[in-house]
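Chemist: Structure provided below as structure tokens; questions to follow.
What follows draws every value from the coordinates through simple rules; no lab data is involved. From a predicted model like this one, the values you see are computed outputs, not experimental measurements. All Cβ positions, even for glycine, are placed from backbone atoms using ideal geometry, and neighbour counts span all protein chains on display.
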Amino acid sequence: MKTYRATAHREDKWWVVQVEGVGATQGRSTAEAQRMAADLVSIMEEITPDDFTVSIDFDTPGPWGDDVKRAQEVTSSQLAK
């Protein structure tokens, strides 16, 4: 299964997501940003969501940024089991 890499940063009320080699999209929440990134890949690459995953690195500035990154790492490692 192919994994698409993406980065996301805040712009006002939106998470702007750039999927490498595919394009950009946005969402108000991290969950919506994840869904929109998957929709973008599915449409642009003409593949079904069952054929790929999207891994987003959320750039979270400020004191919570490190906590968010640690939570993402823990979640990713648990999902890999």
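Chemist: Compute the long axis of helix 65-79 from its Cα atoms, compare it with the longest principal axis of the Cα atoms of the chain, and write down the angle in degrees, 0 to 90, nearest 10.
Modeler: Helix 65-79 and the main axis of the chain meet at about 50 degrees.
Chemist: Can you give me the C-alpha center-to-center distance between segment 1-28 and segment 46-71, rounded to a whole angstrom?
Modeler: 9 Å
Chemist: Right, next: Could you grab the relative contact order for the chain? Cα pairs under 8 Å, six or more apart, rounded to a whole percent.
Modeler: That works out to 30 percent.
Chemist: For F52, what charge total do you get from the other residues with a beta carbon under 15 Å from its beta carbon, if Lys and Arg give +1 and Asp and Glu give -1?
Modeler: Surrounding charge for F52 is -3.
Chemist: Would you indicate which of (1) 1.69; (2) 1.78; (3) 1.09 is the value of Cα Rg over 2.2 N^0.38 Å derived from the coordinates of this structure?
Modeler: (3)
Chemist: Right, next: Taking the chain as the reference, fit the longest principal axis to its C-alpha atoms, fit the long axis of helix 30-45 to the helix C-alpha atoms, and give the angle between the two in degrees, 0 to 90, nearest 10.
Modeler: Tilt relative to the chain: about 20 degrees.
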